[in-house]
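The values are calculated or read from the model by the stated rules, or taken from the named source; none is laboratory data. From a predicted model like this one, the values you see are computed outputs, not experimental measurements. Cβ coordinates were reconstructed from backbone atoms using ideal geometry, including for glycine residues, and neighbour counts include every protein chain displayed. Areas reflect the complete protein model, heavy atoms only, side chains present, ligands, DNA and RNA absent. Shrake-Rupley method; radii C 1.70, N 1.55, O 1.52, S 1.80 Å.
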Amino acid sequence: MNKPENSEQFQRKPKWIRVKAPVSKGYQETRKLMRDKNLHTVCEEAACPNIGECWSKKHATVMILGDTCTRACAFCNIKTGRPMAVDPMEPFNTAEACAAMGLNHIVITSVDRDDLADGGADQFVKVIKAIRDMSPNTTIEILTPDFRNKPGSIEKVAEAKPDVFNHNLETVPRNYPKIRPGARYFHSLRLLETVKKVDPSIFTKSGIMVGLGEDRLEVSQVMDDMRMADIDFMTIGQYLQPTPRHAKVERFVTPDEFKTYERMGRGKGFLLISATPLTRSSYHAGDDFAKLRAAREKHLAARR
């Protein structure tokens, strides 16, 4: 039998990104709660390497608007197809799970829903409001799609006042035709710039993957573009090939190189930057939110 294309490369991972299989009691409890509430998580759907650690601490990133995406990005393991109708109970179930877990901070993301008139913006608003009603002390971070220029969608979600509005650029502009063909780099930048115009108090956040053939100069330019859009927080993590049919890993970036990226980001003025091989958009999100608030207070105090 012939091996799948890229199978050998797909199997090799350096020791610094190997993780243990999830087996803890906390992991099992989180998994059961998600099943009981009929919720999807990006942790599972995107095959996140940190799922064991996060779920053992009862940290989960809830994925709303179903489990089927209308796009087919070359890096993403979420299934593509014709989505089901939007679940009207999803906001309540999400808020109820948040309350049951006693979360101080929750991350809400979604698939792309280009089939919907507002790209799914209204469901984000309903989920945010439901969590505010049921868990008023929980801070809310959202990781949205780009809404594909659906009029008013960005503004509608920003006006719901999430504490953190995240939208990932994913990679450097040169890679978009191959890695993120359904999106546009500068539209994603403008999305986050728009959030700041609607409400400057909302923290904005974006991230990229490395190991897809980009060079350091391109990463530096992305950082500059993000800062021009007044993005507060940047994440950089190693791309991992989910299956042999996805885009291959061009290179495993070393921990020392990630430290260099972190220093670069701090020098460019981000309030916070997380750059490690296992960094993902919502990894340690609650702890990072506390750091963001502290960094903003320090920054404002220095300007007084």
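Could you size up the charge dipole of segment 147-207 around its Cα centre, putting +1 on the beta carbon of Lys and Arg and -1 on that of Asp and Glu, and report it in debye to the nearest 20? Walk me through the numbers on the way to the answer.
Working: 12 positive and 6 negative charges, 67 e Å.
It works out to roughly 320 debye.
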Could you give the nm distance between label points at Arg227 and Ala302, where each point is 7 Å from its Cα heading toward the beta carbon?
1.2 nm
Can you give the extra length, in nm with one decimal, that the chain gains between Ala99 and Asp199 once fully stretched, where that is 0.36 nm per residue apart less the Cα-Cα distance?
33.3 nm
Work out the P(r) tail for segment 75-183: percent of alpha carbon pairs separated by more than 24 Å, whole number.
29 percent
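Normalised by the residues of segment 154-304, what does the relative contact order come to in percent, with Cα pairs under 8 Å and at least six apart?
Dividing the mean separation by the residue count of segment 154-304 yields 21 percent.
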Please compute the length gained on full extension between Thr80 and Arg266, using 0.36 nm multiplied by the number of residues separating them and subtracting their Cα-Cα distance.
63.3 nm
Over the Cα atoms of segment 148-191, how large are the radius of gyration and the largest Cα-Cα distance (Dmax), in Å?
12.0, 34
Can you give the Rg to Rh ratio for segment 173-304, taking only C-alpha atoms and Rh from Kirkwood?
0.97
Karplus 3J(HN,Hα) series, Hz, for segment 206-221 with 6.51 cos²θ - 1.76 cosθ + 1.60 (x for Gly, Pro):
8, x, 9, 9, 10, x, 10, x, 6, 10, 5, 4, 5, 5, 4, 5
Could you tell me what percent of the accessible area of segment 202-280 is made up of carbon and sulfur, with a 1.4 Å probe and every protein chain present?
51 percent
Sorted largest first, the Cα spans of segment 215-293 on the principal axes come out in Å as 40, 29, 24
For segment 232-304, which GluC sites (Glu not before Pro) pass both filters: DSSP loop (anything but H, G, I, E, B) and at most 15 other C-beta atoms within 10 Å?
Glu250
Work out the length of the dipole vector of segment 125-226 about its Cα centre, built from +1 on the beta-carbon of each Lys and Arg and -1 on the beta-carbon of each Asp and Glu, and round it to the nearest 20 debye.
380 debye
Positive end of the charge dipole of segment 83-241 (Lys, Arg +1 and Asp, Glu -1 on Cβ, about the Cα centre): tell me which of Gly237, Val107, Ala97 has its Cα farthest that way.
Gly237
Express the C-alpha Rg of segment 111-160 as a ratio against the empirical globular expectation 2.2 N^0.38 Å, rounded to two decimals.
1.16
